[in-house]
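Note sheet for the following structure.
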Amino acid sequence: MYDELIDSGDLPLARKSVLPGTGFFLPDSLEEDVEDEQAAAALEGADVAVVADPDADGLACVALIREAYGDVQHVPEPDGDAVDGRDGEAADAVDDVDAGGVSLEADAPLADPEPTPHAVALIPASPHDVEDALARVAEYGDEGIDCYVCDLAPDRYEYVADELEAALETAAHVAWYDHHQWDDEVADAVREAGVELVVGDSDEECSADVVYRSLEFEFGPMYEELAAVTRDHDLWLREDPRSDDLADYAYWTDPAEYVEVVREYGVDLPEWAQEFIRERRVEKEALIDQAVTRAEFREIGGYTVGVTYGRCSQNEVAEAMREEGADASVVVKPAGSASIRGTDAFDRCHEVAGKVNGGGHPKAAGCKPDIYDDMLDYANHWVTRGAVTKQVILNAFQEVVDAEGEEALEAEADD
């Protein structure tokens, strides 16, 4: 296949909005081989491994752990081409990781590992491949390494059981810090395996908050502020404008760069980073407009559900649909995944996502329905702007709303 056919960097905006990024078309085998090489390089000689979701919350956890272990800082130079991944394809993603912690799209090509080894190694992972990251820690980590898993929640224990057991055999200590909705049986099984599991209240804390209060280390005010501002975006409070900057910067730049920049500058990003964000937001806003224009609204059991399709930043699109009267919103992505956002009126997004191969928070979740058998299904997905995926998720909404109605009737009968 010609490279230009999958290179979306120079596509007109209308086409870019409906097609996945270059990374989507990379075969899993190639991606896994490169990730194995990167993990081996990062873990060579490392004292600590941090398996983390590479969004602002997960990366804030890495920054906190590196600070607690006294890991050396490697701050990137601020000149234009100093940091790999800023131009071309590596900056070609829009919003891959859902606030509910679910990896949405493989838009960007595989990033290079950190140029200088760290004592605290970062192993990026999503909820759908956390077991692979744990397996890499077990295989490439030194005997007696400390292992942390941050901002990730498995849907079922059996998904991670074997890999977690292997990691526990290699590591001297395994701690798991998170704030998503955990099934009690999964949490009990993880703890029984020998893991220190701390799960924060998803309505009150982000994962960085959990790490901040769980580590036996006296963090300075800068890190307390980092956790607070990260929480502002991750819980969609939006009371501090700097939280949007952190979220966008974490997404658009390399994870290694983000961690070191916030360790050096805190939440007040340097001017060169802010300029980078401003430039990227021009296209971001245009893609948001494309998705908002496609929005439709459905009535499901007394709730208004907004649904749209597009390669976009889902939070802003969901907010626009909320302003149009939506109690909940669905943003279907070209890669086949979807983001589900709620409001005070509807706070069961994680239940909807759980019915279609996903999970997350009551008001912010993500999923990828298991309905794609071959590339023809994806072609239909792109041409119809996600019609099948939309209907599957709307059906899940109907199931959850029906169950809610039955619960209300049962409660009324009990009264």
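Exactly one condition in (1) at pLDDT below 95; (2) in contact with a Lys or Arg (Cβ under 8 Å, 6 or more places away or on another chain); (3) closer than 19 Å to residue 236 by Cα is not met by residue 404; state its number.
(3)
Could you check the stretch 232-247 and list, in sequence order, the residues that are surrounded by fewer than 23 Cβ atoms within 10 Å (Cβ to Cβ) and not in a loop (DSSP other than H, G, I, E, B)?
232, 242, 243, 244, 245
Among the residues of the stretch 152-184 satisfying the criterion of being under 21 Å from residue 352 (Cβ atoms) and among the charged types (D, E, K, R), which is surrounded by the most Cβ atoms within 10 Å (Cβ to Cβ)?
Ranking the candidates gives 178 first.
Name the helices (runs of 4 or more DSSP H) wholly within the stretch 1-75 that hold at least 1 residues that are of a type in the set (S, T, N, Q) and farther than 19 Å from residue 257 by Cβ?
Result: 28-43.
Looking at the structure I just gave you, is residue 358 closer than 22 Å to residue 382 by Cβ and at pLDDT below 95?
yes
So, residue 250, is that one touching a Gly at 6+ places or on another chain (Cβ under 9 Å), under 17 Å from residue 56 (Cα atoms), aliphatic (A, V, I, L, M) and not assigned by TED's automatic domain parsing to the domain that holds residue 339 or not?
yes
Could you tell me which numbered condition residue 153 fails, if it satisfies all but one of (1) over 18 Å from residue 60 (Cβ atoms); (2) touching a His at 6+ places or on another chain (Cβ under 6 Å)?
Result: residue 153 fails condition (1) only.
Table: residues versus (1) modelled with pLDDT of 95 or more; (2) within 30 Å of residue 120 (Cβ to Cβ); (3) in a strand (DSSP E or B).
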residue: 261; (1), (2), (3): yes, yes, no
residue: 283; (1), (2), (3): no, no, no
residue: 292; (1), (2), (3): yes, no, no
residue: 298; (1), (2), (3): yes, no, yes
residue: 308; (1), (2), (3): yes, no, yes
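In the stretch 325-381, which residues are part of a helix (DSSP H, G or I) and surrounded by fewer than 16 Cβ atoms within 10 Å (Cβ to Cβ)?
Result: 375, 376, 377, 379, 380.
The values are calculated or read from the model by the stated rules, or taken from the named source; none is laboratory data. Computed from a prediction, not measured in an experiment: that's the story for all the values here. We place every Cβ from the backbone using ideal geometry, glycine too, and count neighbours over all the protein chains shown.
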